[in-house]
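Structure, as structure tokens:
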Amino acid sequence: MSKRTTFRSNRELFHADTCQPLKVAAKNGDLCLAALGRGSYPGERLPRHDLKEVCMVGYWDAPRDQNWGLDWHCNEGIEIGYISKGKLPFSVGDASFLVEPGHLTITRPWQRHCVGNPNVPACHYSWLILDVGMRRPNQTWHWPGWLLSSKAGLKRLTEMLSQNEQAVWRADRKLGDCFDQLDRTVARKGKDTGNAKLKILINELIILLADLLESRNPLLDQSLSSSERTVRLFLENLSHRIDEPWTLDSMAAACGLGRTHFSTYCKKIGNVAPGEYLTRTRIAAAARLLMLDPESSVTDIAFRCGFQSSQYFSNVFRKQHGHSPSYHRSRQQS
């Protein structure tokens with residue numbers, strides 16, 4: 001797994017993909033990578049004061065099977081990808097796909113996804129990551145001011161993207177042609193036409209995407225953009241962030257809620273208070289590590305799972321399992 005980078009929204013801390021395996025593959029000449037990006041994303045740097053909402057736009061062309069993949073990660077914005085050649089293993093949540101030419105991939109910032117199974121086969125994959133100001137399902141979307149779509153049109157697109165989380169769609173020829181033009185523009189690094197060409201093509205892409213989704217009459221579910229779903233996703237992903245110094249306030253803030261509302265949803269979903277849910281999640285992770293990582297000491301595992309002292313960890317572990325962490329490890333190894 002590549003080293004994580006972080007980004008914030010108000011008080012919440014997020015971990016974004018750095019595309020490190022992709023960077024290494026491009027550096028080693030295993031594929032052709034052309035991209036414009038910001039922050040830790042690869043490619044030529046995008047202008048600081050223009051196209052600020054574009055996190056990354058680009059493509060890779062892999063002429064042969066690769067020995068890398070992009071592990072589970074999230075992005076700052078909504079990611080729209082397109083396969084024009086080859087096939088690409090693509091997983092979102094519990095669903096896995098083998099994406100074929102002419103198909104779109106769409107992921108929202110809260111959707112953990114991975115590319116490769118575990119490696120990437122020969123393929124041509126293009127993508128755009130656009131920051132629309134949200135990190136969780138219950139937040140308001142803020143589309144870039146330079147988009148030419150009407151407010152009503154963007155509102156409708158927001159509904160179709162936030163209340164339907166289908167990850168793979170069959171695209172039409174117009175979308176494929178638009179991605180091809182984006183590829184050509186990115187390959188020229190935009191130097192011959194400035195940023196105007198990029199803006200025009202991204203505008204076209206958003207309009208074509210809206211038309212495509214509308215033509216498919218997607219089944220919408222308002223609960224997908226609710227606060228309760230936001231809390232549910234947070235709790236489901238908590239096991240990946242147990243080392244962070246969570247408090248009731250920070251957990252509630254991560255969901256954009258007050259303490260009372262967050263606690264109410266937590267009890268409804270998990271039938272326990274937030275603090276107890278966090279403790280149980282940490283203990284479950286520690287129990288797994290005790291078996292899977294025999295080289296690490298009990299103290300190391302305690303700290304990795306977010307406990308501030310090994311003594312407190314041992315006391316809580318004994319309370320839940322009826323025996324000490326050391327005994328738990330020895331019993332599993334016997």
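Overview of values
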| quantity | calculated |
| --- | --- |
| Candidate set: the range 305-333, residues that are closer than 16 Å to Leu292 by Cβ and of a type outside the set (A, V, I, L, M, F, W, C); chosen: the one surrounded by the most Cβ atoms within 10 Å (Cβ to Cβ) | Pro325 |
| Residues being over 18 Å from Cys55 (Cα atoms), modelled with pLDDT under 95 and acidic (Asp, Glu) - total across the range 67-122 | 2 |
| Out of Thr299, Thr247, Thr260, Thr279, sole residue that is modelled with pLDDT of 95 or more, in contact with a Ser or Thr (Cβ under 6 Å, 6 or more places away or on another chain) and over 24 Å from Arg108 (Cα atoms) | Thr299 |
| Residue that is modelled with pLDDT of 95 or more, surrounded by fewer than 17 Cβ atoms within 10 Å (Cβ to Cβ) and of a type in the set (Asp, Glu), where the choices are Asp177, Asp192 | Asp177 |
| The range 212-254, residues that are touching a residue at least 24 places away in the same chain (Cβ under 8 Å), more than 25 Å from Trp72 (Cβ to Cβ) and part of a helix (DSSP H, G or I) | Leu212, Leu213, Glu214, Arg216, Gln222, Leu248 |
| Subset of the range 280-334 [within 30 Å of Lys267 (Cβ to Cβ), β-branched (Val, Ile, Thr) and without any contact (Cβ under 8 Å) to a residue 40 or more places away in the chain] | Ile283, Ile301, Val316 |
| Test: residue in the range 93-114 that is in a strand (DSSP E or B), among the polar types (S, T, N, Q) and in contact with a Ser or Thr (Cβ under 9 Å, 6 or more places away or on another chain) | no |
| Condition check for Thr140: buried (at least 16 other Cβ atoms within 10 Å of the Cβ), without any contact (Cβ under 8 Å) to a residue 60 or more places away in the chain, in the same structural domain as His103 (by TED's automatic domain parsing) and of a type in the set (S, T, N, Q) | no |
| Pairs, first closer than 12 Å to Leu213 by Cβ in the range 151-172, second surrounded by 19 or more Cβ atoms within 10 Å (Cβ to Cβ), C-beta under 6 Å, six or more apart | Met160/Leu213; Ser162/Ser225; Gln163/Ser225; Trp169/Leu104; Arg170/His103; Ala171/Leu104 |
| Within the range 1-39, considering residues that are among the polar types (S, T, N, Q) and within 23 Å of Cys123 (Cβ to Cβ), the one modelled with the highest pLDDT | Asn28 |
| Tally, over the range 228-259, of residues that are farther than 28 Å from Ala286 by Cβ and surrounded by fewer than 19 Cβ atoms within 10 Å (Cβ to Cβ) | 2 |
| Whichever residue in the range 19-60 is in a strand (DSSP E or B) and of a type in the set (D, E, K, R) and, among such residues, is surrounded by the most Cβ atoms within 10 Å (Cβ to Cβ) | Glu44 |
| Single match in Pro63, Pro109 (criterion: in contact with a Lys or Arg (Cβ under 6 Å, 6 or more places away or on another chain), under 22 Å from Leu182 (Cβ atoms) and either buried (at least 18 other Cβ atoms within 10 Å of the Cβ) or not aliphatic (A, V, I, L, M) (or both)) | Pro109 |
| Elements of type helices (runs of 4 or more DSSP H) in the range 258-311, at least 1 residues being closer than 22 Å to Thr230 by Cα | 259-270, 274-292 |
| Which numbered condition His323 fails, given (1) in a loop (DSSP other than H, G, I, E, B); (2) under 30 Å from Arg135 (Cβ atoms) | (2) |
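The values are calculated or read from the model by the stated rules, or taken from the named source; none is laboratory data. This is a predicted model, so every value here is computed, not measured. With ideal geometry, Cβ positions are generated from the backbone for all residues, glycine too; neighbour counts draw on all protein chains shown.
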